Amino acid sequence: MLFHKSHPLKGEITVPGDKSISHRGIMLGALANGTTSITNFLKGADCLSTISCFQKMGIEIEETENEILVHGKGLHGLSAPKEILDAGNSGTTTRLISGILAGQNFSCDLTGDASIQKRPMKRIMTPLSMMGADITSVHNNGCAPLHIKGAPLKGISYQSPVASAQVKSCVLFAGLYADGKTSVTEPFLSRNHSELMLSSFGASVQTCGTTATIEPEPVLTAQKVEVPGDISSAAFFIAAGLLIPGSELLIKNVGINPTRDGILRVCKQMGANLELLNTRTQCGEPVADILVKHSELNGTVIEGDLIPTLIDELPVIAVMAACANGETIIRNAEELKVKESNRLEIIVHHLSEMGCDITGTEDGMIIRGGKPLHGAVLDSHLDHRIAMSFAVAGLVADGETEITNADCVNISYPGFYRDLLR
Ligand SMILES: O=C(O)C1=C[C@@H](OP(=O)(O)O)[C@@H](O)[C@H](O)C1
Ligand SMILES: C=C(OP(=O)(O)O)C(=O)O
């Protein structure tokens with residue numbers, strides 16, 4: 001895909017549904033009694049992998065024009081899959097489904113693509129084993145493929161070393177099947193979509209600071225889930241709108257859950273002209289329209305408890321920082337090394353290629369912004385966030401930017417290039 005300096009972005013855009021909430025809607029819908037209807041479901045490859053895993057376990061999932069219908073079979077209604085479960089490129093599918101599989105009365109194997117087979121799974125194997133689960137890494141390297149033999153589980157209080165909603169959700173989902181209360185405490189609060197959705201399906205979930213606690217064996221009841229637009233997808237339009245002179249863009253129906261809205265806070269810190277309109281709550285999730293106007297940005301510091309609230313947005317935030325005046329420091333972002341690619345390394349490499357003055361650090365980067373970016377040939381490393389972030393960089397750089405292996409945007413945002421270049 002080729003990108004050149006863009007004309008101003010004007011008008012309105014609606015981004016696809018939230019990936020995290022779409023995954024959870026399928027999972028809890030499958031475990032509930034009755035039919036769950038999901039509207040604005042994200043039909044990206046990752047969420048389709050979640051659908052396919054549950055279909056292999058006997059759940060009927062219908063796609064109509066405007067909604068997905070999940071015919072739930074109750075907490076104990078899944079059946080043993082006849083073939084290996086394939087999570088594709090999706091860390092969320094792999095880790096969350098493992099918590100569910102740990103509590104079943106059957107064994108199965110779970111794998112994913114080459115990237116998934118390199119991502120760390122010990123972070124879920126450890127707490128699941130503490131609960132009594134029988135979960136092994138088939139190649140004994142702490143990664144997928146995983147063999148999971150369902151077992152009786154006991155409730156635990158788990159102190160997670162990482163702020164990860166995938167770890168937290170995995171343990172809470174396993175907690176549905178435990179013999180007592182299960183709680184997870186994390187160093188910083190990560191996204192709380194699982195807690196909110198579990199509660200709406202009828203589970204008893206309490207949160208206190210960075211600890212979430214679930215009671216076992218609820219009856220989950222099918223719900224109507226209206227998925228808000230994904231703030232992680234809106235992030236590319238927020239960045240493009242702020243960076244491209246003359247832009248004024250209204251991004252409609254975006255989820256602004258405070259455990260996900262770090263990008264909005266960082267934009268404000270950087271001096272962005274950004275307004276939230278029509279703020280409302282939809283299925284327990286805060287939603288708004290975001291009005292973005294081109295702005296002169298200044299460097300900032302991004303660290304600590306802010307990091308989990310914008311973890312997937314850091315690649316495009318780095319692009320914004322490269323175009324801002326002054327220095328931006330990103331710390332405590334080592335998790336970026338274990339996403340679809342080593343995002344820390346690739347951001348530093350790609351921005352350097354475009355002429356940015358940037359230094360990688362152990363857990364982040366220092367970006368001395370303000371030097372004009374120029375076009376370059378940049379590979380996505382099959383990482384959707386990298387492809388989309390550098391497509392945005394290509395709209396502000398001098399000359400031509402080419403993104404190779406650009407199709408991977410289908411993981412979280414099919415139609416991204418059409419929307420960006422329209
Ligand atoms: O729970 C989720 O839906 C997600 C959690 C985050 O991962 P971690 O929990 O590994 O930080 C995020 O990067 C991912 O895109 C989606
Ligand atoms: C890290 C991501 O997703 P996952 O962990 O589900 O693969 C992402 O979407 O940026």
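Structure above, values below:
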| item | result |
| --- | --- |
| Contact order normalised by residue count of segment 19-226, Cα under 8 Å, 6+ apart, percent | 21 percent |
| Packing-based exposure ordering (other Cβ within 10 Å, fewest first) of Thr309, Thr213, Thr279, Thr14 | Thr279, Thr14, Thr213, Thr309 |
| Amide hydrogen neighbours beyond the local backbone of Asn325, cut-off 5 Å, H modeled | Leu297, Asn298, Gly299 |
| Alpha carbon centroid spacing (whole Å) that separates segment 174-220 from segment 343-422 | 37 Å |
| Residue order, fewest to most surrounding Cβ atoms within 10 angstrom, among Cys170, Cys283, Cys208, Cys323 | Cys208, Cys283, Cys323, Cys170 |
| Nonlocal amide H pairs with Val225, under 5 Å, H built at 1.01 Å | Ser37, Ile38, Thr39 |
| Ranked by how many other beta carbons lie within 10 Å on average, peptides 156-162, 91-97 from highest | 91-97, 156-162 |
| Angstrom value of the Kirkwood radius, inverse mean 1/r, which spans all Cα pairs in the chain | 21.6 Å |
| Helix axis angle, 165-175 relative to the chain longest principal axis, alpha carbon, degrees | 10 degrees |
| ³J(HN,Hα) computed for each position of segment 145-154 - Karplus, 6.51 cos²θ - 1.76 cosθ + 1.60, integer Hz, glycine/proline x | x, 10, 10, 10, 10, x, 8, x, 10, 10 |
| For Ser107, residues with placed amide H under 5 Å, excluding near neighbours | Gly150 |
| Between helix 231-243 and the chain: long-axis angle, C-alpha atoms, 0 to 90°, nearest 10 | 0 degrees |
| Which listed pairs, of Lys43/Lys224; Lys10/Lys371; Lys154/Lys337, have C-alpha distances above 28 Å, in listed order | Lys154/Lys337 |
| Two-decimal Rg/Rh across segment 19-226, once Rg and the Kirkwood Rh are taken from alpha-carbon atoms | 0.93 |
| Table column - 3J(HN,Hα) (Hz), segment 111-122, Karplus curve with 6.51, -1.76, 1.60, x for Gly and Pro | 9, x, 6, 4, 5, 4, 6, 10, 7, x, 10, 4 |
| 0 to 90° range, to nearest 10: angle between helix 19-31 axis and the chain longest Cα axis | 10 degrees |
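Where a number appears in this text, it was derived from the coordinates with a stated rule and is not lab data. Predicted model, so just to flag it, every value in this text is computed and none were measured. Cβ atoms come from the backbone with ideal geometry, glycine included; neighbour counts cover every protein chain shown.
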